[in-house]
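Data first, discussion second: the structure below is written as structure tokens.
Please treat every number below as a calculation from the coordinates, not as lab data. Since this is a predicted model, take the numbers as computed values, not measurements. Ideal geometry is used to build each Cβ from the backbone, glycine not excepted, and the neighbour counts take in all protein chains shown.
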């Protein structure tokens with residue numbers, strides 16, 4: 001059973017795109033005011049602009065303003081006619097395509113947004129600053145649509161032709177590399193991003209820790225997670241990430257120590273936190289010669305959470321309590337917990353667990369009823385349930401019933417061999 005939480009990863013890159021700046025007339029001297037050039041070393045030769053119509057400029061400005069305001073209807077009213085040939089200016093068409101691409105993106109139509117943006121870029125008639133801004137935006141759109149390799153190709157092209165390196169672009173590259181399972185490349189990209197700014201995004205550390213963990217460098221991931229938690233002791237996300245990497249590194253004592261420290265300081269506040277700490281103790285109990293101390297603590301943690309009203313008395317949590325109590329050698333408490341889980345459990349596992357304990361106390365009739373209930377509700381191993389039913393029937397002096405159950409167990413792959421041996425030893429064929 002895997003108990004570790006997954007990293008709190010970003011679903012996609014944080015999109016930082018913005019609309020292209022207002023267009024300028026090709027013959028207007030105002031186009032060369034003191035605005036800083038963003039791509040001074042670009043290898044692309046900027047084409048001559050062809051926007052000469054003040055009407056086109058007015059419509060583009062109105063359309064892009066509407067996009068920025070989230071007014072889809074108004075944006076479409078101004079921009080779609082330009083795309084459909086209402087303007088001879090390729091520059092105007094390119095900006096209109098970008099505006100409508102943003103509309104598509106805001107509607108979560110990522111593929112439609114990508115198509116329009118690619119058409120905008122292939123148009124070609126736009127200044128370098130606008131062109132490379134839209135090319136970078138294309139990479140972000142591709143990440144949003146989970147087109148990771150195309151996104152990486154776009155970032156590579158953007159950087160090669162634009163001759164620009166930014167922290168955000170390397171962070172985006174690292175995100176993509178991680179999703180492509182190129183973990184060394186992801187590590188290098190995130191480190192590069194962090195080196196290019198004095199205010200790195202804390203989310204970048206998540207990708208870096210996950211890449212360390214996935215590439216087998218779990219010690220580095222754990223060290224980094226603990227450093228992050230030390231710097232942000234009251235941050236739930238930092239606690240989650242620290243716990244995740246420690247568990248992936250199978251550093252269970254360290255993970256327990258970390259969570260106990262959080263519990264002592266009062267920062268262990270969610271149901272998931274209490275359940276995870278309980279599971280950590282249970283995992284550790286299963287790996288030592290004497291499981292009783294850790295199994296007992298597993299139950300105590302969960303009971304504390306229930307008493308505080310943080311942990312719900314759900315079927316899953318009662319099953320966890322039962323497992324802890326059983327491993328601690330407290331069968332009566334385990335039976336009570338499994339029994340409490342039965343009414344709301346999604347399957348019959350808790351009923352089978354309770355029946356198994358009842359059989360140990362020779363309570364065959366009660367066990368039989370619960371076993372049948374478990375089989376009817378669905379269990380992972382029908383064969384095991386049938387063999388337990390056979391044991392209950394034998395306890396009730398019903399050998400014919402036991403044989404019938406063993407024959408059913410013999411039809412299940414996981415218990416076929418044992419059931420057939422029993423049937424043979426009892427002079428019965430399958």
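Would you check if there is a residue in the range 204-213 being free of Cβ contacts under 8 Å to residues at least 12 places away in the same chain, part of a helix (DSSP H, G or I), crowded, with 18+ Cβ neighbours inside 10 Å and out of contact with any strand residue (DSSP E or B) (no Cβ under 6 Å at 6 or more places or on another chain)? Within the range 204-213, none of the residues are free of Cβ contacts under 8 Å to residues at least 12 places away in the same chain, part of a helix (DSSP H, G or I), crowded, with 18+ Cβ neighbours inside 10 Å and out of contact with any strand residue (DSSP E or B) (no Cβ under 6 Å at 6 or more places or on another chain). Scanning the range 52-93 for residues that are free of Cβ contacts under 8 Å to residues at least 24 places away in the same chain and outside any helix (DSSP H, G or I) turns up 69, 71.
Here the condition is being crowded, with 24+ Cβ neighbours inside 10 Å and touching a helix residue (DSSP H, G or I) at 6+ places or on another chain (Cβ under 9 Å); of 238, 231, 262, 225, it holds for 225 alone. Taking the criterion of being part of a loop (DSSP other than H, G, I, E, B) and closer than 23 Å to residue 266 by Cα, the residues of the range 278-322 that qualify are 308, 309, 310, 311, 312, 313.
Residues of the range 177-191 that are in a helix (DSSP H, G or I) and buried (at least 17 other Cβ atoms within 10 Å of the Cβ): 177, 178, 179, 183, 185, 186, 187, 189, 190.
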